[in-house]
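Could you have a look at this structure, given as structure tokens, before my questions?
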């Protein structure tokens, strides 16, 4: 599917390669395989057209997407099938686009940028033909410049100051001519990440030092295997009142119980994804993640990731064979 050139590679896919009857299915398969696992629909099923041009920029991947009007969903079920944590820095080059993620909304106009968290559900609506550049950024790599990129998700970078510099850099990036850049591709990606950090601003929550809330989360990660872990115990670890603990979680828009459950389920997903740990029973996985009742664990896991634990493990093992 598509045209693959040499290793420094410009890769191309277009619905022109298939009959109109299969265009949408082809586009969904291409995007899921080459960009990110998504659900895509369009009212123009009988005349849908789209193309993707892609190349690598060191650890990042630059993709130019052009498509008719469409609606894109990143669902929990799709997230469950993703192997890596990634973010997208997206610049709209033509058309209109509206993004919703984590209760936030950003409406993009030509030349504006937005950061999208690939580890959380989102929805993008494009009511007319659009052209957009999307930089796929591995989370661990991005955090060298932006310590907490998840706090910037759905933030719009428009005009003024470093926002303009970021937009100009992305607007100058031509996927077809990256071999002609004056700097190595990986250095170009680093420059863009640095501009993103500058556009986020020194006062951005994404660039502040870890707060008490972040310290609490770190403790939850370290002790989530303890089935009887309580807010009182965590507060005592940090020598603060239990009221201070609950206030810190409330300011972050969450609760102790919500975050503990989220971290336990994420740890379980990591264990079930590791083929080296495939001999562990579901009950043992549950115990390692702080669940006393395997059936309760299974219900929570299915609700979070759209699959039962054993089903998730089996599908992951097959993908590595």
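Taking just the C-alpha trace of the stretch 262-321, give me its Rg and Dmax in Å.
In order Rg, Dmax, the Cα atoms of the stretch 262-321 give 10.4, 32 Å.
May I pose another question? By how many degrees, between 0 and 90 and to the nearest 10, does the Cα long axis of helix 256-273 differ from the longest principal axis of the chain?
Tilt of helix 256-273: around 70 degrees.
Is the shape of the stretch 62-209 best called rounded, prolate or oblate, per the rule: a/c under 1.5 gives rounded, else a/b larger than b/c gives prolate, else oblate, with a ≥ b ≥ c the square roots of the Cα gyration tensor eigenvalues?
Note, shape of the stretch 62-209 comes out rounded.
Mind checking the angle between helix 23-34 and the chain's longest principal axis? C-alpha axes, 0 to 90 degrees, to the nearest 10.
Rounded to the nearest ten degrees, it is 60.
Here is a follow-up. How long is the stretch 212-319 along each principal axis, judged by its Cα atoms, biggest number first, in Å?
47, 22, 22
While we're looking at this one, here's another question. In deg cm²/dmol and to the nearest 500, what is the mean residue ellipticity at 222 nm of the chain if only DSSP H runs of at least 4 residues count, each as -39500 (n - 2.57), divided by the residue total?
The per-residue figure over the chain is -11500 deg cm²/dmol.
Also: What angle do you read, to the nearest 10 degrees and between 0 and 90, between the alpha-carbon axis of helix 161-171 and the longest principal axis of the chain?
For helix 161-171, the angle is close to 60 degrees.
Rank 246, 225, 73 by mean-square fluctuation in a GNM of the chain with C-alpha springs under 10 angstrom and give only the top-ranked residue.
Judging by the Gaussian network model, the answer is 246.
Considering the chain as a Gaussian network with a 10 Å cut-off on Cα pairs, which listed residue, 299, 93, 185, attains the greatest mean-square fluctuation?
Highest fluctuation of the listed residues: 299.
Related question: If I build a Gaussian network model for the chain, linking alpha-carbon pairs within less than 10 angstrom, which residue out of 130, 227, 61 has the largest mean-square fluctuation?
227
Arranged from highest to lowest average of other beta-carbon atoms within 10 Å per residue, in what order do the peptides 135-144, 155-164 appear?
For the peptides 135-144, 155-164, the packing ranking is 135-144, 155-164.
Once P(r) over Cα pairs in 10 Å bins from 0, in percent is worked out from the coordinates, which option in (1) 5, 22, 30, 25, 14, 3, 0; (2) 6, 25, 30, 21, 13, 4, 1, 0; (3) 6, 25, 33, 26, 9, 2, 0, 0 does it equal?
Read-out taken from this structure: (1).
Which order, highest average first, do 270-282, 26-38 follow once you tally other Cβ atoms within 10 Å for each residue and take the mean per peptide?
Packing order, densest peptide first, comes out as 26-38, 270-282.
Laboratory data are not the source of any read-out in this text; all were calculated from the coordinates shown. Bear in mind the structure is a predicted one, so any value in this text is a computation, not a measurement. Glycine gets a Cβ as well: all are built from the backbone with ideal geometry, and neighbour counts include every protein chain shown.
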